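Here the structure comes first, spelled out in structure tokens, and everything after it is commentary.
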Amino acid sequence: MKVPFLDLSLQHRALRTEALAALAATYDATRFCLGKDVEEFEKNFGATLGYPRVLGMNSGTSPLHVACMIAGFGPGDEVIAPPFTFISTVWGVSYVGATPRFVDVGEGTFNLDPAKIEAAITPRTKGIIVVHLFGQPARMAEIMAIARRHGLFVIEDCAQAVGARYRGEPVGLFGDVGTFSFYPTKNLGGCGEGGAFVARDEATQVKARHIRVHGSDRRYYHDIVGGNFRMDGFQGALLNVKLPHLAGWTARRQAIAQRYLEGIRLADVRLPDQPDYGQSVFHQFTIRHPRRDALRDYLAQQEVGTDLIYPVPLHRQGCFASLGQGPGSFPVAEAAAATCVSLPIFPELTDAQVDHVIAAVNGF
Ligand SMILES: *Cc1c(COP(=O)(O)O)cnc(C)c1O
């Protein structure tokens with residue numbers, strides 16, 4: 001039995017008629033940049049997921065960039081972030097001329113370890129970017145207590161955590177700003193690039209709305225420096241078609257994860273922790289094994305697709321070589337990168353496919 005790591009064609013085939021009708025309506029109305037479809041999506045996304053203020057943007061990287069502009073990070077400032085995440089988490093920090101200050105992740109969940117944050121705070125520290133990696137909420141109560149004590153601006157990168165809850169509340173607004181991605185492989189994926197920005201207070205949202213359109217609230221008047229961070233009309237229309245399915249897709253991901261958690265019995269495997277404060281939406285199901293590469297080869301022989309997410313932590317990337325953080329700087333992140341392997345987890349997987357993955361892992 002073949003189990004691909006991810007197959008986007010199944011979901012898109014199922015929604016084809018509805019999606020193409022929505023895109024055609026947007027096309028005929030020439031609502032190409034922002035417009036009614038995006039406004040409706042912002043309203044629906046906020047109502048469905050529990051955010052009072054939502055701004056559609058043109059990628060998941062853009063709201064992170066905008067957040068760093070609004071926070072006022074700049075040259076000489078340090079922003080704390082985990083080294084085990086997608087590179088985009090910290091691009092905004094670099095774009096505004098500030099410096100990422102990495103802090104290691106915890107053993108169990110791959111998320112920022114609150115116990116290690118305070119030692120990294122210096123007079124230059126201005127903010128923290130928290131990532132809810134693989135859909136699992138980070139320890140927001142502890143992180144926010146530290147942030148308040150030191151007056152830090154907190155950005156939650158929820159690119160992988162749409163619908164995830166921390167102690168019953170949606171992730172994204174424990175800090176100042178939350179950001180989402182609708183890249184096609186995300187839990188709520190567009191047909192192209194997309195993202196969203198949520199803010200706890202209205203002034204921040206208004207500022208982000210102006211930054212999104214060239215720093216302007218009236219055409220051709222630019223009171224602040226902005227950019228072009230607008231969401232396409234097509235993405236708004238398409239995401240409006242997909243959003244009603246998100247709760248069902250999330251429940252299916254959670255059911256698959258439960259099956260993996262109960263079924264995988266391989267010695268030496270480390271399953272992802274499921275702490276009681278968080279309700280993961282399982283963007284990934286990532287296990288660790290000391291012989292990861294051999295396990296991965298074996299799974300490939302059993303026709304089980306896997307991926308390495310992530311093989312190189314951020315402090316070891318060439319773009320951050322100037323930070324001078326050699327091997328051993330962040331041992332937990334480095335061990336995760338060396339031993340992790342992600343298993344197939346997408347809503348259209350059948351139970352038989354999930355059981356095949358479990359049998360293949362256990363057979364290693
Ligand atoms: C996908 C992702 C982003 C944003 O990526 P885009 O491709 O720009 O939408 C940011 N952070 C994390 C952790 C991600 O996984």
> Since G76 meets every condition but one in (1) under 24 Å from A208 (Cα atoms); (2) in contact with a helix residue (DSSP H, G or I) (Cβ under 9 Å, 6 or more places away or on another chain), which condition does it not meet?
Replying inline: (2)
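Could you pull out every one of the strands (runs of 3 or more DSSP E) wholly within the range 41-121 that has 3 or more residues that are within 16 Å of the ligand (Cβ to nearest atom)?
In the range 41-121, the matching strands (runs of 3 or more DSSP E) lie at 54-57, 78-81.
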> What tally of residues in the range 297-312 results from selecting those that are buried (at least 19 other Cβ atoms within 10 Å of the Cβ) and under 21 Å from M1 (Cα atoms)?
Replying inline: 3
> Which of the residues that make up the range 284-303 are in a loop (DSSP other than H, G, I, E, B), more than 21 Å from A335 (Cα to Cα) and out of contact with any strand residue (DSSP E or B) (no Cβ under 7 Å at 6 or more places or on another chain)?
Replying inline: Q302
> Among Q284, Q317, Q279, which is surrounded by fewer than 19 Cβ atoms within 10 Å (Cβ to Cβ) and either in contact (Cβ under 8 Å) with a residue 24 or more places away in the chain or more than 24 Å from V162 (Cα to Cα) (or both)?
Replying inline: Q317
> Is there a residue being in contact with a Ser or Thr (Cβ under 9 Å, 6 or more places away or on another chain), surrounded by 14 or more Cβ atoms within 10 Å (Cβ to Cβ) and in contact (Cβ under 8 Å) with a residue 40 or more places away in the chain anywhere in the range 12-30?
Replying inline: no
> Out of all the residues in the range 158-173, is one or more surrounded by 20 or more Cβ atoms within 10 Å (Cβ to Cβ), over 20 Å from F285 (Cα atoms) and small (G, A, S)?
Replying inline: yes
> Which of the following residues is more than 23 Å from L314 (Cβ to Cβ) and within 11 Å of the ligand (Cβ to nearest atom): G163, G151, G190?
Replying inline: G190
> Before we move on, is T179 hydroxyl-bearing (S, T, Y), at pLDDT 95 or above and surrounded by 24 or more Cβ atoms within 10 Å (Cβ to Cβ)?
Replying inline: yes
> How many residues does the range 140-174 hold that are in contact with a Leu (Cβ under 9 Å, 6 or more places away or on another chain), more than 22 Å from F346 (Cβ to Cβ) and in a loop (DSSP other than H, G, I, E, B)?
Replying inline: 1
> Does D276 fit the bill of being part of a loop (DSSP other than H, G, I, E, B) and under 18 Å from V332 (Cβ atoms)?
Replying inline: no
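Mind checking whether some residue in the range 24-35 is hydrophobic (A, V, I, L, M, F, W, C) and part of a helix (DSSP H, G or I)?
Here is the first cut: in the range 24-35, the ones hydrophobic (A, V, I, L, M, F, W, C) are 24-25, 29, 32-34.
Now restrict to residues that are part of a helix (DSSP H, G or I): 24-25.
So far as the range 24-35 goes, yes, one or more of its residues are hydrophobic (A, V, I, L, M, F, W, C) and part of a helix (DSSP H, G or I).
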>> Just to be sure before I move on: is Y51 under 19 Å from the mean Cα position of the chain (by Cα), among the hydroxyl-bearing types (S, T, Y) and surrounded by fewer than 24 Cβ atoms within 10 Å (Cβ to Cβ) in the structure I sent?
In response: yes
> Residues V3, V66, V38: which one is of a type in the set (A, V, I, L, M), under 23 Å from M144 (Cα atoms), touching a residue at least 40 places away in the same chain (Cβ under 8 Å) and not assigned by TED's automatic domain parsing to the domain that holds I345?
Replying inline: V66
>> Looking for something among the aliphatic types (A, V, I, L, M), touching a residue at least 40 places away in the same chain (Cβ under 8 Å) and either over 26 Å from L6 (Cα atoms) or crowded, with 20+ Cβ neighbours inside 10 Å (or both) - is there at least one such residue anywhere in the range 143-151?
In response: no
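The values are calculated or read from the model by the stated rules, or taken from the named source; none is laboratory data. Quick caveat: nothing in here was measured; it's all calculated off a predicted structure. All Cβ positions, glycine included, derive from the backbone under ideal geometry; neighbour counts span all protein chains shown.
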